[in-house]
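Inspection log for the structure reproduced underneath, given as structure tokens.
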Amino acid sequence: TRRRVLEVIEELGYQPNALARGLVCKRSHTIGILMPSLSSMVTSEMLKGIEGQAHKSEKSVIVCNTDNDGIRTLEYLDMLKEKQVDGIIVVSANLTPVQCEKLTQIKKPVVLVSTCYAGSNLPYVKVDDESAAYDTTKYLLKKGHRRIAMISGTKGDIIAGLPRINGYQRALADYGLKLGDEYIFYGDFTFKSGIAAMEQLLARSSDITAVFAASDEMAAGALVCAYKRGIKVPADLSIIGYDNTQIAEMTIPPLTTLSQPFYRMGELGMKMLIDHIEQGKKMESQILPHIIVERETVKALE
């Protein structure tokens, strides 16, 4: 009978109706993904990891580009609830209390990737940003630099902004250095903001020997600004980035940077969610390792 059934399936080209199966087992086999941008090299790499693991596990994904819009995010959450997704992954977003409350109301498992929410028990997968920024600054200090400026991300950002500033300042303190706020400049993690911050930096701090930019895109902007000013990197000024996105290999000279395992973050976040849905495994937050990738933008001082 089995052989006859399989023959008829092949003959008719039959495919199971996913919607009908979902109604029977009360699962949609679909995961909702909330992310602030689809064009960012950071989020696109995490999305590759998420989608790769989903494909292995025979799951579908609904990707929602929130564009960092609070109202749009809430609308997408309503839509994901209506679609009856089995779970939700939030990528690299600063959740508000209202959004977090909405996630709780949906009553579906949630995993945060490259972000976290203080005061909640939502599981996350990310690197330790303060520790990573500490190691990045310490790398420059070990190369002999003492006047190190920082181009931070968005001012007041508690996820990827303040922890990286804290790491930078803690490393300086461990070397007996205390540079004031005049050595910290703010962008918004984008290329253009890196140019603008570097222009401010050069106008106000002429004695620096190195710059730590809190994203590769801002570091690339800093490189362009330095080039236009006739400043040679690394002969006159060292620059180090953060992320190790593809842009770090494309700059001239290639960028030394702190590497985050973005693909692995997305892959692991999806696996945690699926294992919880299908096997009831408890989701434990995970901090992934980071490394410095040396290229050609940092010079050792004698």
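Yes/no per residue for (1) aromatic (Phe, Trp, Tyr); (2) in contact (Cβ under 8 Å) with a residue 40 or more places away in the chain:
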{"site": "Asp181", "(1), (2)": "no, no"}
{"site": "Asp188", "(1), (2)": "no, no"}
{"site": "Asp207", "(1), (2)": "no, yes"}
{"site": "Phe212", "(1), (2)": "yes, yes"}
{"site": "Met270", "(1), (2)": "no, yes"}
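Anything in segment 158-216 that is at pLDDT 95 or above, small (Gly, Ala, Ser), within 19 Å of the chain's Cα centre (by Cα) and outside any strand (DSSP E or B)? List them, or say none.
Gly167, Gly187, Ser193, Gly194, Ala214, Ser215
Pull out all pairs, ordered by first then second residue, where Cβ-Cβ is under 6 Å, the residues are six or more apart or on different chains, the first lies in segment 133-153 and is within 24 Å of Asp188 (Cβ to Cβ), and the second is open to solvent by 60 Å² or more (accessible area, probe 1.4 Å).
Listed pairs, sorted by first residue: Tyr134/Arg170; Ser152/Tyr186.
Which residue is surrounded by the fewest Cβ atoms within 10 Å (Cβ to Cβ), if the candidates are limited to segment 89-109 and must be of a type in the set (A, V, I, L, M, F, W, C) and free of Cβ contacts under 8 Å to residues at least 60 places away in the same chain?
Val98
Just one of Ala248, Ala226, Ala219 is surrounded by 14 or more Cβ atoms within 10 Å (Cβ to Cβ), touching a helix residue (DSSP H, G or I) at 6+ places or on another chain (Cβ under 6 Å) and either of a type in the set (D, E, K, R) or in a helix (DSSP H, G or I) (or both); which is it?
On inspection, the qualifying residue turns out to be Ala248.
Step by step: first the residues of segment 246-286, then only those that are on the phi < 0 side of the Ramachandran plot and small (Gly, Ala, Ser), then the one that is nearest to the chain's Cα centre (by Cα). Which residue is that?
Restricting to residues being on the phi < 0 side of the Ramachandran plot and small (Gly, Ala, Ser), the top hit is Gly266.
Asp236 versus (1) closer than 16 Å to Asp135 by Cβ; (2) not in a helix (DSSP H, G or I): which is the lone unmet condition?
Evaluating Asp236 over (1) closer than 16 Å to Asp135 by Cβ; (2) not in a helix (DSSP H, G or I) leaves (1) as the failure.
Could you check Leu255 against (1) out of contact with any Phe, Trp or Tyr (no Cβ under 7 Å at 6 or more places or on another chain); (2) hydrophobic (A, V, I, L, M, F, W, C); (3) surrounded by fewer than 22 Cβ atoms within 10 Å (Cβ to Cβ); (4) farther than 17 Å from Leu112 by Cα and say which number it fails?
The failed condition is (3).
Identify, please: which residue in segment 56-88 is free of Cβ contacts under 8 Å to residues at least 40 places away in the same chain and under 19 Å from Met283 (Cβ atoms) and is, among those, most open to solvent (accessible area, probe 1.4 Å)?
Here the residue is Lys56.
Considering only segment 90-113, state which residues are out of contact with any helix residue (DSSP H, G or I) (no Cβ under 9 Å at 6 or more places or on another chain) and either of a type in the set (A, V, I, L, M) or closer than 14 Å to Met35 by Cβ (or both).
The one that is out of contact with any helix residue (DSSP H, G or I) (no Cβ under 9 Å at 6 or more places or on another chain) and either of a type in the set (A, V, I, L, M) or closer than 14 Å to Met35 by Cβ (or both): Asn94.
State all residues of segment 194-207 that are of a type outside the set (A, V, I, L, M) and surrounded by 21 or more Cβ atoms within 10 Å (Cβ to Cβ); if no residue qualifies, say none.
Gly194
Okay, residues lined up against (1) open to solvent by less than 40 Å² (accessible area, probe 1.4 Å); (2) in contact with a Lys or Arg (Cβ under 6 Å, 6 or more places away or on another chain); (3) at pLDDT below 95; (4) not β-branched (Val, Ile, Thr):
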position: Val113; (1), (2), (3), (4): yes, no, no, no
position: Asn121; (1), (2), (3), (4): no, no, yes, yes
position: Tyr124; (1), (2), (3), (4): no, no, no, yes
position: Asp129; (1), (2), (3), (4): yes, yes, no, yes
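Here are some conditions: (1) touching a Gly at 6+ places or on another chain (Cβ under 8 Å); (2) part of a loop (DSSP other than H, G, I, E, B). Tyr134 meets all but one. Which one does it not meet?
All conditions pass for Tyr134, except number (2).
The values are calculated or read from the model by the stated rules, or taken from the named source; none is laboratory data. Quantities reported herein were computed from a predicted structural model and do not represent experimental measurements. We place every Cβ from the backbone using ideal geometry, glycine too, and count neighbours over all the protein chains shown. Side chains are part of the model used for accessible areas, which takes the heavy atoms of the whole protein and leaves out ligands, DNA and RNA. Shrake-Rupley method; radii C 1.70, N 1.55, O 1.52, S 1.80 Å.
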